[in-house]
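In what follows, a structure is listed as C-alpha cells, so that the remarks can point back to it.
The values are calculated or read from the model by the stated rules, or taken from the named source; none is laboratory data. What you see is a predicted model, and the numbers here were worked out from it, not measured in a lab. Here Cβ is always computed from backbone atoms with ideal geometry, including for glycine, and neighbour counts include all displayed protein chains. Keep in mind that these areas ignore ligands, DNA and RNA; they rest on the heavy atoms of the full protein, side chains included. Shrake-Rupley method; radii C 1.70, N 1.55, O 1.52, S 1.80 Å.
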Amino acid sequence: MAALALNVVSYRNSETPGRQHWTLIVMNTATHGTEFKLTGTSGKLAFRKPGGANGGSTNPTLDDGFRSMASVGKIETRKYAAFCSLVESAPILNGQAQWTTLDWVVNVLNSLAEKGFSVTRISKGDLEKEAMKQLRAGRGA
C-alpha cells in the first residue's frame, strides 16, 4: 500500500517574536510536500487550502523561518482525499486567547488517529521538545 509521510513543521512566528508557527506537511518527495496550515494572526486564524503556482509543493527547510520538522505518521494514498477533508474541517478556536497553531496541529493529529489514520498521538509538549532537540542539534534555524 502506497503511503506518504506526514510531518509537523515549525517556523519562527513573524508576528510574535519568541513564538512558533506550526503546520502539517504531507511529503510528496524526500524534500517537498504539500503544506496544510492556518494563516492570520492570533484570534484571527483561518485554514489556507494548499495550492498556488507550484501546486502547493514546498520544501520547508528552505524557508528562512524554518525551525524543525518531526515525522508523525503516514497517509495512505487511497485515504488522501479523506485526510484533506478532515484537515480542512478541523475546528479553529479563535475565541480562546491562548489557542495557537500548535493546538490546531495536535487536534488534527488526534482526530486523524481516531479516524484510523496511521499517525502518532502526540502532545503539545512532546512536539515542542522535539523542535528544541532539533534546534540544539543544529538541524533547525
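Ignoring any ligand, DNA or RNA, what whole percent of the accessible area of the chain comes from carbon and sulfur when the probe is 1.4 angstrom?
Exposed carbon and sulfur together represent 50 percent of the surface.
Could you tell me which helices of the chain pass both thresholds, a Cα extent of 15 Å or more along their own axis and a mean Kyte-Doolittle hydropathy of at least -1.0, with helices taken as whole DSSP H runs?
Going by DSSP H runs, the hits are 101-114.
With every protein chain kept in place and ligands, DNA and RNA left out, what is the accessible area per residue of the chain? Probe 1.4 Å, answer in Å².
Per-residue value: 53 Å².
Would you mind classifying region 1-121 by shape? Square roots of the alpha carbon gyration tensor eigenvalues, ordered a ≥ b ≥ c; an a/c under 1.5 is rounded, otherwise it is prolate if a/b is larger than b/c and oblate if not.
Note, shape of region 1-121 comes out oblate.
Starting from the Cα gyration tensor of region 97-141, take the square roots of the eigenvalues, sort them a ≥ b ≥ c, and report rounded, prolate or oblate (rounded when a/c is under 1.5, otherwise prolate if a/b is larger than b/c, else oblate).
The shape class here is oblate.
Would you list which aspartates and glutamates come within 16 Å of Lys74, measuring only between C-alpha atoms, while excluding same-chain residues fewer than 8 positions from it?
Partners within reach: Glu35, Glu114.
Can you tell me the FRET efficiency between Cys84 and Lys129 if r is taken as the Cβ-Cβ distance and R0 is 25 Å, rounded to the nearest 0.05?
That pair, Cys84 with Lys129, gives E of 0.30.
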